[in-house]
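Step one of this worksheet: look at the structure below.
Just so it is clear, none of the values below were taken in a lab; they were calculated from the coordinates. Note that this is a predicted model, so its numbers are computed, not measured. Cβ coordinates were reconstructed from backbone atoms using ideal geometry, including for glycine residues, and neighbour counts include every protein chain displayed.
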Amino acid sequence: MRAPEELFTLHGEATLPEQPILLHAFSGFVDAGAGVRLAAEHLLATCEHRLVATFDADELLDYRARRPRMTYVVDHFASVEVQEVVLHEVIDAMGQPFLLLTGPEPDYQWQRFLAAVDVLVDRFDVRLAVGLSAIPWPIPHTRPLGLTVHGSEPGLVAGHVSVIGEIEVPGHVGAMLEFHLGQRGVPSMGVTAQVPHYLVQFEFPRAATTLLGGVSAATGLALPTADLEPAARKADAEVAHQLEGNEEFATVVSALEQQYDQMTTSSGSMGGLADLAAGGMPSGDEIAAQVELFLSSLEDPDDPEKQTDDRP
């Protein structure tokens with residue numbers, strides 16, 4: 001393996017407190033409803049931030065799988081946008097700095113990339129790493145989205161109930177980083193939004209607000225979501241419009257609403273499907289099958305229709 005330190009370029013020193021939190025949010029693979037990408041973009045659009053490090057895109061990305069966006073004006077190419085994996089120092093709403101590692105999921109050199117992140121984690125003495133992801137779930141868009149919380153230590157998931165037992169899925173960089181850092185002794189966890197399975201290929205801002213709320217609850221960071229609400233309400237209205245005159249779609253949503261409400265009533269909790277472990281819920285195998293189907297549909301990196309981070 002070539003030196004991992006050569007995979008990134010530092011841009012000055014971060015003014016971080018001792019032992020900051022690191023959030024990592026990679027778009028493209030386990031990003032149902034583009035919730036991860038929208039959450040990361042929202043943080044950089046609404047919070048004060050400063051670039052700390054840039055990773056070498058030529059080493060990590062397959063340009064044919066995620067072709068750079070270019071602008072053509074009349075008779076010439078005027079600009080090009082090459083995606084990058086970057087590390088920012090971000091200031092939350094209460095003035096608390098944290099690190100945000102974001103960008104497209106790397107296509108190449110995963111082991112070297114993990115080693116490079118190790119260098120940065122050690123350099124800034126990161127005390128907790130939190131990954132963002134989003135998966136399909138049997139839930140209607142008319143009800144609060146749930147969260148799956150997972151982590152390297154029992155204390156990180158205390159108070160959260162899992163309805164999934166054992167499942168084997170294709171690996172992705174966010175999960176590998178969570179596992180890798182946990183193996184190194186760095187407390188590492190993930191917050192995964194549960195997105196209505198029929199909306200996974202569309203931008204669904206409600207997934208982003210759910211992710212940011214989950215991260216805030218898990219870490220104490222004050223992550224803003226108010227500016228996402230107009231987009232979330234607009235998306236909700238567009239989905240509702242699609243229900244009109246579509247009897248098949250309306251039937252599916254109605255059945256999911258009844259299932260959700262029955263389970264919520266039987267559990268006595270309004271915490272969403274993530275908190276419901278009994279009484280009418282689809283089995284772990286059924287949920288796992290939906291997750292695996294979604295992930296397998298994204299496994300071909302050369303098929304642009306299976307790249308959820310592609311924008312319209």
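The GluC sites (Glu not before Pro) of the stretch 141-209 meeting both criteria, a DSSP state outside H, G, I, E and B (loop) and at most 11 other C-beta atoms within 10 angstrom of the site's C-beta, are Glu166, Glu168. Taking amide hydrogens as placed 1.01 Å from N in the peptide plane, the amide H of Phe202 sits under 5 Å from those of Gly33, each at least 5 positions away in sequence or on another chain. The order of Phe26, Phe8, Phe202, going from fewest to most other C-beta atoms within 10 Å of their C-beta, is Phe202, Phe8, Phe26.
From the Cα gyration tensor of the stretch 1-141, with a ≥ b ≥ c the square roots of its eigenvalues, which class applies: rounded if a/c is under 1.5, or else prolate if a/b is larger than b/c, or else oblate? It is rounded, given that a/c, with a ≥ b ≥ c, falls under 1.5. For the stretch 46-76, trypsin sites (Lys or Arg not before Pro) are listed when DSSP marks them as loop and at most 13 other Cβ atoms sit within 10 Å of their Cβ; the list is Arg64. Show me the chymotrypsin sites (Phe, Trp or Tyr not before Pro) within the stretch 71-141 that DSSP assigns to loop and that have at most 16 other Cβ atoms within 10 Å of their Cβ. Taking the stretch 71-141 and a limit of 16 other Cβ atoms within 10 Å, the loop chymotrypsin sites (Phe, Trp or Tyr not before Pro) found are Tyr108.
Sorted from longest to shortest, the spans of the Cα atoms of the stretch 98-179 along the three principal axes equal 42, 30, 26 Å. Simple point charges give the picture: +1 on the Cβ of Lys and Arg, -1 on the Cβ of Asp and Glu, and for the stretch 215-263 a dipole about the Cα centre of about 260 debye.
With neighbours defined as other Cβ atoms within 10 Å of a residue's Cβ, the residues Thr225, Thr210 order from fewest to most as Thr225, Thr210.
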